Amino acid sequence: MLAPYGFGAAATESRRIFVLEQYYLKNGTQAGRIHEHFSRAAIPALNKVHSGPKIFLESLVAPHMPQVAAIIGFQSLEEMWNVHTKVLADPEFLKSFENWENHPEQPYEHASIVLLEAADYCPEIKQDSTPREKPRIFELRTYHSPTWRQLRALHERFAGPEIKIFHRVGVNPILYSSTLFGPNMPNLTYVIPFENLTAREKAWDAFGADPEWIKVRKESIDKHGQISSVSQVSLYRSTPYSPIR
């Protein structure tokens with residue numbers, strides 16, 4: 001059965017698309033080798049053909065550690081495929097990829113790739129005009145809803161009062177999306193950068209105690225029931241070579 005992927009007026013073809021790649025590693029040479037491949041080959045090849053957002057991360061707290069993740073944004077499915085095809089044709093990328101795979105130790109234990117569809121209210125992700133001296137913390141949150149109807153209600157709550165409360169307390173997500181192809185559907189997946197762990201803790205404490213949030217949450221549950229049944233939270237730090245840090 002086909003699931004109702006779209007949640008707004010825009011058709012899927014015109015929505016922004018984000019690819020979330022997660023590489024699950026074991027202790028040893030894998031982490032150093034994947035960082036070398038990404039920094040010396042993958043990002044240079046991407047930069048030649050794609051100016052969209054690129055975020056490369058390493059896990060701080062996640063279900064599987066060590067882990068390296070990448071989030072790459074595109075204006076459409078067509079652009080995503082065109083960029084993918086051009087990167088795979090880049091000689092330096094192919095050489096690095098072959099060296100990465102031909103090492104006596106496998107490049108990673110396993111990997112997952114999730115295709116995310118940006119929500120109507122998702123902001124544009126812009127690269128910093130000047131490089132940041134320190135990497136930020138990036139929090140990846142996925143909220144699973146029991147039904148597509150409840151997921152729509154969750155998006156409506158986010159797009160309405162919740163974002164305003166977020167911004168007031170210091171929670172400023174750069175990505176709001178739903179999984180188009182991937183596990184644990186339906187869900188709302190979003191990403192929040194923080195300057196450090198202290199800033200993150202302060203912001204979430206303020207959010208949890210905010211009187212308006214307590215009121216909004218109660219009204220949401222009274223109207224729709226528990227629209228988010230399971231939450232997954234992972235913390236990452238941007239890598240030194242990530243275009244967005």
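Taking the condition of being touching a Lys or Arg at 6+ places or on another chain (Cβ under 9 Å) and of a type in the set (S, T, N, Q), how many residues in segment 65-98 meet it?
Qualifying residue count, segment 65-98: 3.
Let me confirm something: among LEU94, LEU115, which residue is within 13 Å of HIS37 (Cβ to Cβ) and modelled with pLDDT of 95 or more?
Working: LEU115 fails: within 13 Å of HIS37 (Cβ to Cβ).
Within the list LEU94, LEU115, the selection yields LEU94.
What is the residue count in segment 22-54 for residues that are of a type in the set (Ser, Thr, Tyr) and under 18 Å from the mean Cα position of the chain (by Cα)?
So the answer is 3.
Could you grab me the full set of residues in segment 193-245 that are more than 30 Å from ILE72 (Cβ to Cβ), touching a helix residue (DSSP H, G or I) at 6+ places or on another chain (Cβ under 7 Å) and without any contact (Cβ under 8 Å) to a residue 40 or more places away in the chain?
ALA206
If I ask for residues that are among the hydroxyl-bearing types (Ser, Thr, Tyr) and either at pLDDT 95 or above or under 19 Å from PHE97 (Cα atoms) (or both), which ones from segment 1-47 would you list?
TYR23, TYR24, THR29, SER39
Please give the number of the condition SER177 fails out of (1) surrounded by fewer than 17 Cβ atoms within 10 Å (Cβ to Cβ); (2) modelled with pLDDT of 95 or more.
(1) is the only condition that SER177 fails.
In segment 54-66, which residue that is of a type outside the set (Lys, Arg) and touching a helix residue (DSSP H, G or I) at 6+ places or on another chain (Cβ under 9 Å) is nearest to VAL19 (Cα to Cα)?
Across segment 54-66, the extreme among qualifying residues is PHE56.
Could you grab me the full set of residues in segment 30-88 that are closer than 25 Å to ASN196 by Cβ and charged (D, E, K, R)?
Scanning segment 30-88 gives LYS54, GLU58.
Are any residues in segment 63-103 outside any helix (DSSP H, G or I), of a type in the set (A, V, I, L, M) and under 23 Å from SER238 (Cβ atoms), and if so, which ones?
MET65, VAL68, ALA69, ALA70, ILE71, ILE72
Is it true that some residue in segment 125-139 is without any contact (Cβ under 8 Å) to a residue 24 or more places away in the chain, at negative phi and surrounded by 14 or more Cβ atoms within 10 Å (Cβ to Cβ)?
no
Please go through segment 88-124 and pick out each residue that is out of contact with any Gly (no Cβ under 6 Å at 6 or more places or on another chain) and crowded, with 19+ Cβ neighbours inside 10 Å.
Result: PHE93, SER96, TRP100, TYR108, LEU116, GLU117, ALA118, ALA119, CYS122.
The values are calculated or read from the model by the stated rules, or taken from the named source; none is laboratory data. These figures come from a predicted structure and were not determined experimentally. When we count neighbours, we look across all protein chains shown, and the Cβ atoms used for this are built from the backbone with ideal geometry, even at glycine.
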